[in-house]
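Written below as structure tokens is the structure these notes are about.
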Amino acid sequence: MVAENRTSPDADLARELLDELWEIVTQEEGGEINPDIARLVGSRFVAIRYCLPTQLLGKLTDPKLDCLCLQKGRGDSDSQWDPRSFAEKVIVPWCAENQSVLGTSAEPYVGKPLRKPRLEENPEKVRGIEEWVLLYRILDEVERRNSQEYTRLCMLQALRSIHRKFAELDFEYFVPERISMEQTEKLIGEFLSEGSGGDRGLSVAAALFETFGRYFGIYQEVKRHAINAADQATGMAGDIECIGGDGKLRFAIEVKERNVTLADVRSAVLKARKASLRELLFNAPGANPSDKEEMADLFARTWASGTNLYRLSINELIRVGLSLTGESGRIDFLENVGRQLDEYGTQPSNRKRWKELLEGM
């Protein structure tokens with residue numbers, strides 16, 4: 001008698017593999033996009049969107065499986081399996097954890113096109129026939145090659161297209177109705193504890209100065225650039241600029257998620273002088289220990305030449321500034337963080353993490 005789960009891929013192993021490949025895709029730059037696979041990931045038919053990664057992941061988890069098989073059947077062939085239950089155990093919950101990027105269906109294989117023993121080369125009486133034929137051709141090529149390397153490549157290409165789709169989604173951030181100063185500091189500390197190439201730090205700082213501008217009225221507008229924009233291209237005096245009601249630059253902020261260095265200060269001072277800027281703040285956790293003496297001297301000389309330099313950590317700014325705004329200012333600040341993350345092309349992993357941290361409050 002054949003064991004019930006003989007031909008089914010191991011769901012736990014498949015999920016580990018899926019998470020591993022997703023991590024690769026979210027960290028890489030410029031990965032290859034297959035236009036045919038991208039078309040299927042963007043299909044208007046939810047069954048196609050789910051079927052492609054389900055079939056590929058099943059085959060990748062257990063190479064013996066038939067990539068085109070849709071039903072286990074009653075035979076004892078090692079190639080037969082049950083993609084429907086596999087999708088519900090692995091792909092559906094993974095999708096739900098990632099903003100339902102493929103759709104919200106809990107049972108994506110219940111539709112008529114997938115209620116067959118095997119995908120067909122020329123399906124009849126099915127809407128979107130061109131995409132169903134394309135799906136067959138992609139999976140048939142995987143099955144004919146029967147190569148782990150090629151199956152993995154196709155799965156990576158599918159995940160890259162999913163990641164691109166994921167990046168276009170709007171995240172919904174649930175800011176708590178009440179939040180203490182201690183909770184705010186802990187929340188921001190956890191968010192910034194993971195490296196982001198400056199992306200998270202800039203979003204948090206810009207959000208904070210937006211709140212300060214609204215509550216203290218010392219400037220009217222906050223400008224910032226995208227994290228990957230070169231200073232020369234933006235023409236800005238700092239990562240963030242605070243503009244007065246008269247349109248004049250009040251002060252600029254250079255944001256660092258690491259300790260500021262002497263080279264950072266020298267570069268920023270040159271930009272400040274070019275912009276005739278009198279107030280420049282370095283938002284950084286600290287100063288490079290080996291540069292402290294020379295940095296103090298540079299701060300003094302720069303003050304003498306007409307520009308005030310400051311260095312404050314995000315925690316110092318939060319504790320003083322948001323104590324003065326009160327609890328409503330803290331709520332405003334957290335809402336601003338989400339808006340910054342969405343508006344400036346922040347990596348989906350950063351937006352997802354902010355959403356998770358807020359939901360864990």
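We did not get these values from a lab; they are worked out from the coordinates using the rules stated. Here the structure is a predicted model, which means the values were calculated and not measured. Cβ placement follows ideal geometry from the backbone for every residue including glycine, while neighbour counts extend to all protein chains displayed.
Under 5 Å between amide H atoms, partner at least 5 residues away or on a different chain: which partners does ARG118 have, H built in plane at 1.01 Å?
So ARG118 has HN proximity to LEU70.
Relative to the longest principal axis of the chain, what angle (0 to 90°, nearest 10) does the C-alpha long axis of helix 11-27 take?
Value to nearest ten degrees: 40.
Tell me, what ³J(HN,Hα) does each residue in the stretch 171-183 have, in order and in whole Hz, if you take phi through Karplus 6.51 cos²θ - 1.76 cosθ + 1.60 with θ = phi - 60° and put x for Gly and Pro?
My calculation for the stretch 171-183 gives 8, 9, 9, 9, 6, x, 5, 9, 8, 7, 4, 4, 5 Hz in order.
Distance from the Cα centre of the stretch 110-158 to that of the stretch 278-350, in angstrom?
For the stretch 110-158 versus the stretch 278-350, the Cα centre distance is 52 Å.
In terms of the Cα gyration tensor, with a ≥ b ≥ c the square roots of its eigenvalues, is the stretch 11-167 rounded because a/c is under 1.5, prolate because a/b exceeds b/c, or oblate?
Numbers: a/c = 1.37, a/b = 1.23, b/c = 1.11.
Note, shape of the stretch 11-167 comes out rounded.
Taking the beta-carbon count within 10 Å as an exposure proxy, list VAL41, VAL110, VAL260 from fewest neighbours to most. Mind showing how you got there, number by number?
Numbers: VAL41 24, VAL110 11, VAL260 21.
Listed from fewest to most nearby Cβ atoms, that is VAL110, VAL260, VAL41.
What are the ³J(HN,Hα) values, in whole Hz, obtained from phi via the Karplus relation 6.51 cos²θ - 1.76 cosθ + 1.60 with θ = phi - 60°, for each residue of the stretch 277-291 in sequence order, with x given for Gly and Pro?
Result, rounded to whole Hz: 7, 9, 10, 9, 10, 9, 8, 8, x, x, 10, 4, x, 6, 9.
Scan the stretch 168-272 for trypsin sites (Lys or Arg not before Pro) in coil per DSSP, keeping those whose Cβ has at most 14 other Cβ atoms within 10 Å, and list them by number. Could the numbers behind the result be given before it?
On the way: sites: ARG178, LYS186, ARG200, ARG214, LYS223, ARG224, LYS248, ARG250, LYS256, ARG258, ARG266, LYS271; in loops: ARG178, LYS248, LYS256, ARG258.
Within the stretch 168-272, the qualifying trypsin sites (Lys or Arg not before Pro) (loop, at most 14 other Cβ atoms within 10 Å) are ARG178, LYS248, ARG258.
Can you pull out the trypsin sites (Lys or Arg not before Pro) in the stretch 110-168 whose DSSP state is coil and whose Cβ has at most 16 other Cβ atoms within 10 Å? Display every interim value, and only then the final one.
Working: sites: ARG115, ARG118, LYS125, ARG127, ARG137, ARG144, ARG145, ARG152, ARG160, ARG164, LYS165; in loops: ARG115, LYS125, ARG127.
Counting only loop positions with at most 16 other Cβ atoms within 10 Å, the trypsin sites (Lys or Arg not before Pro) in the stretch 110-168 are ARG115, LYS125, ARG127.
Rounded, prolate or oblate: which fits the stretch 55-134, taking a ≥ b ≥ c as square roots of the Cα gyration tensor eigenvalues, rounded meaning a/c under 1.5, else prolate when a/b beats b/c?
On the way: a/c = 1.82, a/b = 1.10, b/c = 1.66.
Cα axes put the stretch 55-134 in the oblate bin.
Considering only the stretch 200-296, what is the antiparallel percent among its DSSP beta bridges, to the nearest 5? Display every interim value, and only then the final one.
Values: 8 of 13 bridges.
Given both bridge residues lie in the stretch 200-296, the antiparallel proportion sits at roughly 60 percent.
Any chance you could give the angle, 0 to 90 degrees and rounded to 10, that helix 292-304 forms with the longest Cα principal axis of the chain?
Once rounded, one gets 60 degrees.
About the Cα centre of the chain, how large is the charge dipole given +1 on each Lys and Arg Cβ and -1 on each Asp and Glu Cβ? Please answer in debye to the nearest 20.
Working: 49 positive and 59 negative charges, 138 e Å.
For this selection, approximately 660 debye.
What is the order of TYR50, TYR150, fewest Cβ neighbours within 10 Å to most? Don't jump to the answer; show the numbers that get you there.
Numbers: TYR50 25, TYR150 13.
In order of increasing Cβ crowding within 10 Å: TYR150, TYR50.
Give the long-range amide H neighbours of ASN308: residues separated by 5 or more places, or on another chain, with amide H under 5 Å away, using H modelled in the peptide plane at 1.01 Å from N.
Those qualifying (amide H under 5 Å, at least 5 residues apart or on another chain) are GLU279, LEU280.
Find how much the distance from ALA106 to ARG319 grows on full extension, using 0.36 nm per residue of separation minus their present alpha carbon separation; answer in nm with one decimal. Walk me through the numbers on the way to the answer.
On the way: separation 213, 0.36 × 213 = 76.68 nm, distance 4.45 nm.
Full extension of this stretch gives 72.2 nm more.
What ranking do SER79, SER8, SER105, SER180 get, fewest neighbouring Cβ atoms within 10 angstrom at the top?
Working: SER79 15, SER8 21, SER105 18, SER180 11.
Placing the least packed residue first, the sequence is SER180, SER79, SER105, SER8.
Once you order the gyration tensor axes a ≥ b ≥ c over the Cα atoms, which shape class does the chain get: rounded for a/c under 1.5, otherwise prolate or oblate by comparing a/b with b/c? Can you show the working numbers first?
Numbers: a/c = 2.90, a/b = 2.60, b/c = 1.12.
It comes out prolate by the Cα gyration axes.
For the stretch 11-167, give the magnitude of the charge dipole about the Cα centre (Cβ charges: +1 Lys/Arg, -1 Asp/Glu; no others), in debye to the nearest 20.
Values: 23 positive and 26 negative charges, 143 e Å.
It works out to roughly 680 debye.
Enter the angle in degrees (range 0 to 90, nearest 10) between the Cα long axis of helix 46-61 and the first principal axis of the Cα atoms of the chain, meaning the one along which they spread out most.
For 46-61 against the chain, the angle is about 80 degrees.
What's the longest uninterrupted piece of the chain once you rule out the GluC sites (Glu not before Pro) that are loop residues per DSSP with at most 16 other Cβ within 10 Å?
Details: sites that count: GLU4, GLU28, GLU29, GLU32, GLU120, GLU121, GLU124, GLU168, GLU172, GLU177, GLU194.
The answer is 195-361.
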